Structures are given as C-alpha cells and as structure tokens.
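In what follows, a structure is listed as structure tokens, so that the remarks can point back to it.
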Amino acid sequence: MKKLRVAMIGCGRIAQMYKEVFSQLKDQVEVVCAVDPKEDRAQAFAEGFENCVVLTDYKQCFQYDLDVMHLATPHNLHPIIGTDAMRHKINVLIEKPMAITLQDADAMIQVAEEEGVKLGIIFQTRYVKGCMDIKKLIQEGKLGKLLTARSYLSWSRSDEYYSQSDWKGTWDKEGGGVLIDQAIHSIDRVQWLIGDDVEWIDGTVDNRAHHAVEVEDVAEAFIQFKNGCLYQLYACNCYSYDAPIEIEIVGEKGKVGLKQDLAWVHLDGEEYYEIRDGYDGLSVGPSYWGCSHITQIKDFYRSVRESLPVFVDGVEGRKALEIIKGIYKSSIERKKIYVPFEDSLITCIKSHH
C-alpha cells in the first residue's frame, strides 16, 4: 500500500492526538510536514517522524507533493488554509468547526467540488459504536416517530484556559465559546441521529463566569426539526469538572441515549440494555476526546485511496455550525430564527443584551 503523504498544520493541544494516530498508522502515512507559527511546537510534533520537515508557514507545504493536509489551527484560519490547500489539489481534513461563518463553509464545499478533492470535518464522536448502533435503530424505525431530544453539557474551562491562548475566547478567531468549541460535538450527534433538516431555532447565550472574555460560557436553545422532533440543549463550561455529556432521544416506541460514549436503549416492551464502545485505540488527551479520532482519520484515508464519498464531508460538517449560528442570531435578535437565515460574523454578544 502506497503511503499517503500528510502534513499537520497547527501543532498545539489537539496535535498530541494526531501524533499518536500517525504513529499507529505508520504503515499508511508518511508525515512530511509539521507546521506551526511557533517553531518549537512544530519541532516537538516532528520528533519521531523520519524526514518530517519543520515549517512556520503552511504555504511552504505546497512544494512537498502532499495527499492530505490536517488542519488544527484557530477556527478563523480553517477556510483560508483549507481553500488554499484544495486549490493545490490536496485533500483536507479539518478539526471542527469547519469555519466560523456559513458563507465560508459554503465556499469551502464549493471549492472541494470544483477541484475534485476530499473535504472532511472532524466529528469523531459520531463514530462511537453506541452512536452508530442508535442511528441504525432510528433508521429501522424501532423508535417510531421521533418526539423530543435533549443534550446536556457541563464542562470546566478556567480563566487560564482563555488567557494562555491568543485566540480562544475571541469572536473573530474562535467564533464563539462553549457552543462552537465544546457543545458542537453533542449538537452534531443529535442532529445526525434525528436525521432531518432544522425548521427553526430559539435560543439564548450569555457570559456568566468568564469575565475576561466576551464569548458565551452558557447557552440554551429549543430547535425544531422538520420531522416534528423538538430538541432542547443546554451547555456551559463553568462547571467544576468535565462531566459526561448526556444525550437522549425519545420516540413513540421508546427512548435511547448516550452518556459520554456509553449508549443505552429502552424500547417499549423490551429489556433495557447498554452498548459499550469496546475500543481503546488512543491513550492521549482528556477522556472526553474519546478514542475515535483514529477511526475517522482511517475512514477519511480510505475515502481518499478508494475515491469513496466522505462520511462527514463539508455538507455534513456545516449542519452543526448552522444550528450554532442560529442560536447566536436568535440570542442577539431575541426571536425565533427560521432556517435558512442570513449569517454574519459576530463580534460581541454582551453588547446586544
């Protein structure tokens, strides 16, 4: 098997996950470039990969005949670097969110189509076995008509988490707070499991505890899907620890849910049971990252090698972003937002309250 030539753009916190993935997939990939404006971080990432070039400017990568570029940069750079790479005929796999505006997301989807390259967005929690099994149950009609759904996230992000970063906690670089950075994964899982388009969004966001930044640290919303399912979400990152994410979906014939990566099923007239992932392929990073990064990355590589559709492509990656931007818009305008809607770059939530 010919090894895919890959570059890692952004060698910060999440990069440790990629370093372990690439080490485990050394028979599939050759790590050609490690890129970060802070050269010491790129150097640290490159250690252990033979002939990996350390760079501080992603544009220097284009001379190295790459197959795949992995992006783990500040959110606002995703569309800039991703579009540039795709114009150079390089397949791109991006950490969530794909962009911080829907216009940028749409433009990226179009470029991928025009250039005939693969665009993938990291939503690794979809790949958890229990989540996949629940999706199958819903598709098979085992729950009947879906009635309601909820997701609950209460994590902890200290003031230092923001002060030690030059982009976290900013509207222009991160694009928001707890919604776009932490809750986006549970939002993605819920919308994927429900499996329909959103009709309207009614939500509010606020900053209750992190006064050094202007992005939200708490959010709540009601989201109506076109199939009638009403989704309620709550998210905050000012709790005392990173509690397990809880998701529940209720149908006419029973209910299913996830507590972090543990799935449970309780169908009417059947015995309650649980589904454990049973796979522990990665050992780095916080437990809430899960162990499915490697599963999604391998799946993306297979799409590249075999010219297959990407499971979480740009169109799929856009869906959670649309919900998040709809919540921001609803909070600013203090009204229910119907989809589709005009998106804009948010600069501050506080000034609107």
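The values are calculated or read from the model by the stated rules, or taken from the named source; none is laboratory data. Note that this is a predicted model, so its numbers are computed, not measured. Virtual Cβ from ideal backbone geometry, glycine too; neighbours counted across all protein chains shown.
Is the range 327-337 home to any residue that is under 18 Å from the mean Cα position of the chain (by Cα) and surrounded by fewer than 22 Cβ atoms within 10 Å (Cβ to Cβ)? Spell out the reasoning first.
Our first condition is that a residue be under 18 Å from the mean Cα position of the chain (by Cα); within the range 327-337, this holds for 327-328.
This time we only want the ones that are surrounded by fewer than 22 Cβ atoms within 10 Å (Cβ to Cβ), so: none.
There is no residue in the range 327-337 that is under 18 Å from the mean Cα position of the chain (by Cα) and surrounded by fewer than 22 Cβ atoms within 10 Å (Cβ to Cβ).
Could you check I184 against (1) in contact (Cβ under 8 Å) with a residue 24 or more places away in the chain; (2) in contact with an Asp or Glu (Cβ under 9 Å, 6 or more places away or on another chain) and say which number it fails?
Only one criterion is unmet by I184, namely (2).
Scan A34, A99, A15, A107 and give me the residue that is in contact with a helix residue (DSSP H, G or I) (Cβ under 6 Å, 6 or more places away or on another chain) and closer than 19 Å to V312 by Cα.
Within the list A34, A99, A15, A107, the selection yields A99.
Could you say whether any residue in the range 195-206 is over 24 Å from I121 (Cβ atoms) and part of a loop (DSSP other than H, G, I, E, B)?
The answer is no, given that none of the residues of the range 195-206 is over 24 Å from I121 (Cβ atoms) and part of a loop (DSSP other than H, G, I, E, B).
Is at least one residue of the range 225-248 modelled with pLDDT of 95 or more, of a type outside the set (A, V, I, L, M, F, W, C) and assigned to a helix (DSSP H, G or I)?
Checked the range 225-248: no residue is modelled with pLDDT of 95 or more, of a type outside the set (A, V, I, L, M, F, W, C) and assigned to a helix (DSSP H, G or I).
On the given criteria, is E270 in contact (Cβ under 8 Å) with a residue 24 or more places away in the chain and either out of contact with any helix residue (DSSP H, G or I) (no Cβ under 9 Å at 6 or more places or on another chain) or not polar (S, T, N, Q) (or both)?
Details: in contact (Cβ under 8 Å) with a residue 24 or more places away in the chain: no; either out of contact with any helix residue (DSSP H, G or I) (no Cβ under 9 Å at 6 or more places or on another chain) or not polar (S, T, N, Q) (or both): yes.
So E270 does not fit the description; no.
Mind checking which pairs have a first residue in the range 291-308 that is under 17 Å from K26 (Cα atoms) and β-branched (V, I, T) and a second that is surrounded by fewer than 17 Cβ atoms within 10 Å (Cβ to Cβ) and at pLDDT below 95, Cβ under 6 Å, 6 or more apart or different chains?
Close Cβ pairs (under 6 Å, with a partner that is surrounded by fewer than 17 Cβ atoms within 10 Å (Cβ to Cβ) and at pLDDT below 95) amount to I294/G281.
So, in the range 1-50, how many residues would count as being part of a strand (DSSP E or B) and either more than 19 Å from the chain's Cα centre (by Cα) or not assigned by TED's automatic domain parsing to the domain that holds Y64 (or both)?
Residues of the range 1-50 that are part of a strand (DSSP E or B), as a first pass: 4-9, 29-35.
Keeping just the survivors that are either more than 19 Å from the chain's Cα centre (by Cα) or not assigned by TED's automatic domain parsing to the domain that holds Y64 (or both) gives 4-7, 29-35.
Residues meeting the conditions: 11.
Got a sec? Which of A85, A105 is hydrophobic (A, V, I, L, M, F, W, C), touching a Pro at 6+ places or on another chain (Cβ under 9 Å), surrounded by 19 or more Cβ atoms within 10 Å (Cβ to Cβ) and not assigned by TED's automatic domain parsing to the domain that holds E246? If you could, list the steps in order and put the result at the bottom.
Details: A85 fails: touching a Pro at 6+ places or on another chain (Cβ under 9 Å).
Exactly one residue qualifies, and that residue is A105.
Since P97 meets every condition but one in (1) out of contact with any strand residue (DSSP E or B) (no Cβ under 6 Å at 6 or more places or on another chain); (2) surrounded by fewer than 23 Cβ atoms within 10 Å (Cβ to Cβ); (3) in a loop (DSSP other than H, G, I, E, B); (4) modelled with pLDDT of 95 or more, which condition does it not meet?
The single condition P97 does not satisfy is (2).
Can you pull out the residues in the range 288-325 that are of a type in the set (A, V, I, L, M), part of a helix (DSSP H, G or I) and surrounded by fewer than 22 Cβ atoms within 10 Å (Cβ to Cβ)?
To start, the set of residues in the range 288-325 that are of a type in the set (A, V, I, L, M) comprises 294, 297, 304, 308, 310, 312, 315, 320-321, 323-324.
Filter once more, so that each one left must be part of a helix (DSSP H, G or I): 294, 297, 304, 315, 320-321, 323-324.
Once the filter is applied, which keeps residues that are of a type in the set (A, V, I, L, M), part of a helix (DSSP H, G or I) and surrounded by fewer than 22 Cβ atoms within 10 Å (Cβ to Cβ), the range 288-325 yields I294, V304, V315.
Can you confirm whether K96 is under 15 Å from V310 (Cβ atoms), of a type in the set (K, R), touching a Gly at 6+ places or on another chain (Cβ under 9 Å) and outside the structural domain of V213 (by TED's automatic domain parsing)? Outline the logic, then answer.
On the way: under 15 Å from V310 (Cβ atoms): yes; of a type in the set (K, R): yes; touching a Gly at 6+ places or on another chain (Cβ under 9 Å): yes; outside the structural domain of V213 (by TED's automatic domain parsing): yes.
Yes, satisfied.
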